[in-house]
1. Hey, could you check the stretch 123-154 for residues that are farther than 18 Å from residue 23 by Cα and assigned to a loop (DSSP other than H, G, I, E, B) and say which is farthest from the ligand (Cβ to nearest atom)?
2. So is residue 208 out of contact with any Leu (no Cβ under 6 Å at 6 or more places or on another chain), over 21 Å from residue 110 (Cβ atoms) and either assigned by TED's automatic domain parsing to the domain that holds residue 80 or not in a helix (DSSP H, G or I) (or both) or not?
3. Just to be sure I understand the filter: pairs with C-beta atoms under 6 Å, separated by 6 or more residues or on different chains, first member in the stretch 165-176 and without any contact (Cβ under 8 Å) to a residue 60 or more places away in the chain, second member among the basic types (Lys, Arg) and surrounded by 14 or more Cβ atoms within 10 Å (Cβ to Cβ). Which pairs pass?
4. Limited to the stretch 66-87, what total is found for residues that are part of a helix (DSSP H, G or I) and surrounded by fewer than 18 Cβ atoms within 10 Å (Cβ to Cβ)?
5. Based on what the data block shows, is residue 102 near the ligand (Cβ under 7 Å from one of its atoms) and in a loop (DSSP other than H, G, I, E, B)?
6. Which members of the stretch 147-159 meet the condition of being under 30 Å from residue 290 (Cβ atoms) and surrounded by 18 or more Cβ atoms within 10 Å (Cβ to Cβ)?
7. Among the residues of the stretch 213-222 satisfying the criterion of being among the hydrophobic types (A, V, I, L, M, F, W, C), surrounded by 10 or more Cβ atoms within 10 Å (Cβ to Cβ) and part of a helix (DSSP H, G or I), which is nearest to the chain's Cα centre (by Cα)?
Amino acid sequence: MSSAPLFGHVALIGIGLIGSSLARVLRRDGLAGRITGCARQEETRAKALELGIADAMFEDPAEAVAGADLVVFCTPLGAYEAIAKAIAPALSEGAIVTDVGSVKAPVIEMLTRHLPDTVHLVPGHPVAGTEHSGPEAGFPELFDGRWCILTPVEGSDPAAVEKVRAMWTSAGSMIEVMTPAHHDTVMSITSHLPHLIAYTIVGTATDLEDDLKSEIVKFAASGFRDFTRIAASDPVMWRDIFLNNREAVLEALGRFSEDLTALQRAIRRGEGDKLEDLFTRTREIRRALVDAKQA
Ligand code: NAP
């Protein structure tokens with residue numbers, strides 16, 4: 001006799017790279033009796049149905065969440081508030097509401113304001129992704145061996161946290177629990193700042209004169225190529241990340257600017273030992289990442 005799925009009905013609001021990857025995990029592992037989804041475009045809804053990753057798709061998020069015992073926000077952060085307002089009256093009592101957003105503190109504050117206190121809010125962030133978007137970009141192994149950070153709010157029901165944890169564990173993720181503010185600080189350094197730097201470098205290159213630009217494409221493999229992959233990430237998603245994690249990103253950017261100025265001075269003064277010392281330390285970080293299987 002097969003056991004009951006972890007969730008009777010999961011509603012995914014947004015079914016792009018992350019939402020559709022999660023849907024594929026739910027299907028693969030039999031974690032949901034029913035999966036409904038929500039997307040604005042008819043094309044996205046049709047694609048999700050064609051891929052078989054949702055049983056029904058809706059344009060109206062309130063229709064998608066009706067009767068769901070787990071609701072997952074999987075849209076860009078800028079869409080959250082309107083969705084929260086729309087679904088609030090339609091949420092089942094006792095439902096768990098979680099998300100996959102890349103910024104936590106301001107988003108949680110906003111969700112707490114709009115969602116009824118009859119639901120359990122258990123925010124999350126799978127630290128996994130690619131530069132691709134949309135329902136076809138997803139794959140079930142995306143979260144395998146990657147961290148998923150849970151940032152439960154004060155008074156979160158432990159049973160609800162456990163169920164969200166069980167879902168991500170089934171996806172192959174390692175779970176870390178931290179406060180929303182700490183999450184946002186850590187991500188500002190490990191994810192948001194590197195993206196900002198990549199956007200800047202690629203932006204600088206696109207502003208060059210035409211003859212130099214063609215050389216950049218030709219010789220990209222010498223370092224520039226890796227930045228172009230990061231800078232190809234979804235513009236709306238990243239706009240919303242920087243607008244929402246403003247304080248932590250500005251703090252990280254301030255430190256980065258100081259370090260960059262120090263490097264600039266070392267180069268100008270011909271201080272090779274300073275350069276070599278830094279490059280040796282950074283190499284060790286890379287080795288630690290490889291050892292931790294996070295490379
Ligand atoms: P994505 O591939 O662009 O997918 C976004 C999905 O949301 C699409 O299905 C889109 O469909 C739908 N959507 C957008 N606005 C909507 C709205 N107002 N109402 C209903 N549906 C809406 O984006 P993603 O990469 O999966 O990112 C989603 C979330 O995951 C973001 O909050 C991001 O911070 C987080 N995240 C991303 C990554 C990453 O590397 N990509 C990693 C970790 C976490 P329509 O256009 O048809 O509406």
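1. The selected residue is 154.
2. Yes, satisfied.
3. Final answer for the pair search is 173/146; 175/165.
4. Number of matching residues: 5.
5. yes
6. 148, 149, 150, 151
7. Among those that are among the hydrophobic types (A, V, I, L, M, F, W, C), surrounded by 10 or more Cβ atoms within 10 Å (Cβ to Cβ) and part of a helix (DSSP H, G or I), it is 220.
Quick grid of which residues meet (1) outside any helix (DSSP H, G or I); (2) touching a Phe, Trp or Tyr at 6+ places or on another chain (Cβ under 9 Å):
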| residue | (1), (2) |
| --- | --- |
| 36 | yes, yes |
| 40 | yes, no |
| 49 | no, no |
| 64 | no, yes |
| 109 | no, no |
| 112 | no, no |
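The values are calculated or read from the model by the stated rules, or taken from the named source; none is laboratory data. Being a predicted model, the structure only gives us computed values, none of them experimental. Virtual Cβ from ideal backbone geometry, glycine too; neighbours counted across all protein chains shown.
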